[in-house]
1. Specify the residue that is modelled with the lowest pLDDT; the eligible residues are those in region 68-115 that are in contact with a strand residue (DSSP E or B) (Cβ under 7 Å, 6 or more places away or on another chain) and hydroxyl-bearing (S, T, Y).
2. Count, please, the residues in region 16-39 that happen to be in a helix (DSSP H, G or I), of a type outside the set (A, V, I, L, M, F, W, C) and either surrounded by fewer than 17 Cβ atoms within 10 Å (Cβ to Cβ) or under 10 Å from the mean Cα position of the chain (by Cα) (or both).
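The values are calculated or read from the model by the stated rules, or taken from the named source; none is laboratory data. Because the structure is predicted, anything quoted here is derived from the model rather than measured. We place every Cβ from the backbone using ideal geometry, glycine too, and count neighbours over all the protein chains shown.
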Amino acid sequence: MFTSVSSSHQTTKNTKNVESHLHELASFSQSKENIICAVGMIYDYCTTNNKSLDEVTFPCKMKMNFTYNSNSLSVEIEPLRKTHTRPLGGVVFPMLSISYTPNNKEKLLEYMERVLR
């Protein structure tokens, strides 16, 4: 006898897998281009699925929280530690914490382009 998996259970499992992969992608993004690409993918995931994604960490010592609320996505960006050493990969996030609500994906990616060094 086979047991069926409910569709909502399978959807939840798939969501957790996607979120896990996005966290892993971020953790391996060491170049500025890879970080920006990962941020774009996370933006797409959150806005398409009306989901939030917290505690996304990057090797440049930056942590991001993506919070989806009623048709808009806000992004909180903060440094992991107060340090002036250049992390592995050579990308530096030289800012204090900031909250940002981009109008669209392109605005967020342009902002990240300016912020990362």
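1. Looking at residues that are in contact with a strand residue (DSSP E or B) (Cβ under 7 Å, 6 or more places away or on another chain) and hydroxyl-bearing (S, T, Y), I get S97.
2. Looking only at region 16-39, we keep the residues that are in a helix (DSSP H, G or I), and these are 16-27, 32-39.
Imposing the further condition that a residue be of a type outside the set (A, V, I, L, M, F, W, C) reduces the set to 16-17, 19-21, 23-24, 27, 32-34.
With either surrounded by fewer than 17 Cβ atoms within 10 Å (Cβ to Cβ) or under 10 Å from the mean Cα position of the chain (by Cα) (or both) added as a condition, the list becomes 16-17, 19-21, 23-24, 27, 33.
Total satisfying the criteria: 9.
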